[in-house]
Amino acid sequence: MDTLTHQLDELIQRLEDAPDFTETLEELKSVYPFSRYEYIISALLAHGKLTFDEYLAIRDEYVNRNLYLHLYEMAPRTFGGHVGTRTGMQY
């Protein structure tokens, strides 16, 4: 996540109103699926400071660095929840 944050911070500096944008980020409230990263990327695309191809490159790099991150997104019962159901035990 540090690499992604660093890449986005560098792109934010391309914005004419970078200080105001950074201040807005500090006050931004995020609720899934609307995150700080979604907000930054959308703004950079809208202001023409990030092309769609650049976005795809950043995305691909991130996904390749974090291939198994989706395992952490699984609920604990999803990963091993069936163990107790066979024996009648509940967790």
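Tabulated values for the structure
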| read-out | value |
| --- | --- |
| Yes/no for Ala18 being within 15 Å of the chain's Cα centre (by Cα) and modelled with pLDDT of 85 or more | no |
| Complete set of residues in region 46-69 that are under 14 Å from the mean Cα position of the chain (by Cα) and among the hydroxyl-bearing types (Ser, Thr, Tyr) | Tyr55, Tyr62 |
| Residues (farther than 18 Å from Asp2 by Cα, at pLDDT below 95 and part of a helix (DSSP H, G or I)) located in region 25-42 | Glu27 |
| Extreme residue, surrounded by the fewest Cβ atoms within 10 Å (Cβ to Cβ), among residues of region 39-54 that are among the β-branched types (Val, Ile, Thr) and touching a residue at least 24 places away in the same chain (Cβ under 8 Å) | Ile41 |
| Per-region count, region 1-38, residues among the acidic types (Asp, Glu) and either in contact with a helix residue (DSSP H, G or I) (Cβ under 7 Å, 6 or more places away or on another chain) or under 18 Å from Glu61 (Cβ atoms) (or both) | 4 |
| Residues within region 55-78 that are surrounded by 11 or more Cβ atoms within 10 Å (Cβ to Cβ), modelled with pLDDT under 75 and part of a helix (DSSP H, G or I), tallied | 1 |
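The values are calculated or read from the model by the stated rules, or taken from the named source; none is laboratory data. Treat the numbers as computed from the prediction; the structure is a model and nothing was measured. Using ideal geometry, Cβ is built from the backbone for each residue, glycine included, and neighbour counts are taken over all protein chains shown.
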